[in-house]
Amino acid sequence: MKLIAATIILFFVSVPNGAGQAASASGASQAAPVQDSQTIRIARSETLQSNKGSAQYFTGSVQVQQLFPPLDPSRTSGGKVTFEPGARSAWHTHPLGQILIVTEGTGWIQQWGGPIEEIRKGDVIWIPPRVKHWHGATPTTAMTHIAIQEQLNGKAVEWMEKVTDEQYRK
């Protein structure tokens, strides 16, 4: 999932009223905050782009909303992914692991060689580094999760083969 830094909008941080009034009363001038890596950034919800999940990496109807890219010095990125009933990711791994936070619905997750497990709204899932897995909706319910992962050498995911219908229905 490539995240676009252009969707992040920079906003200045205001000095609280009391502090600003004290500085003005003393005659000290207030400089505008500098926009650099030390400035708080707010990505307003209306500016966040949502795109159809790539057919190369997903089966079924999937929407991916870019929430945040890795901003130096961080390597962490995040996105909101919505799977319609029957939709799922392909098998994949993450070099430094992944955290999923289910925000709506019911879905499934499976580690290679393990059973399919149900995940529900409010569940937090930790996927260890390099563990081959997939996740998505159940055949009858949609599921939305927040996905958080770190990049290693500029890469956050290694995509593999698609989950077959036979694997999905086990």
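Where a number appears in this text, it was derived from the coordinates with a stated rule and is not lab data. Only a predicted model underlies this, so the values are computations on that prediction, with no experimental measurement involved. When we count neighbours, we look across all protein chains shown, and the Cβ atoms used for this are built from the backbone with ideal geometry, even at glycine.
Quick notes on this one:
- Whole-number Å³ per residue for the convex hull built on Cα positions in the stretch 41-127: 125 Å³
- Lysines whose Cα lies under 25 Å from that of LYS155, excluding same-chain neighbours fewer than 8 positions away: LYS2, LYS52, LYS80, LYS132
- Diffusion coefficient, µm² s⁻¹, Stokes-Einstein with Kirkwood Rh over alpha-carbon pairs of the stretch 26-170 at 37 °C and 0.692 mPa s: 199 µm²/s
- Net charge of the neighbourhood of PRO95, taken over other residues with C-beta under 15 Å away and scored Lys/Arg +1, Asp/Glu -1, is +2.
- Projected label distance in nm at GLU117 and SER50, using a 7 Å step from Cα toward the beta-carbon: 2.8 nm
- A Förster radius of 25 Å combined with the Cβ-Cβ distance from ARG41 to ARG75 puts the calculated FRET efficiency at roughly 0.90.
- Tail beyond 15 Å, pair distance distribution of the stretch 81-126 (Cα, percent): 47 percent
- Diffusion of the stretch 92-170 by Stokes-Einstein, at 10 °C in a medium of 1.306 mPa s and with Rh set to the Kirkwood radius over alpha-carbon pairs, works out to 123 µm²/s.
- In sequence order, the stretch 89-99 has phi-based couplings of 7, 7, 4, 7, 9, 10, x, 10, x, 8, 10 Hz under the Karplus curve 6.51 cos²θ - 1.76 cosθ + 1.60, θ = phi - 60°, and Gly or Pro positions carry x.
- Each part gets one Cα centre, and for the stretch 53-85 versus the stretch 97-170 those centres are 12 Å apart.
- Other-chain or far-sequence residues with amide H under 5 Å of TRP108's (modelled H): ILE119, GLY136, ALA137, THR138
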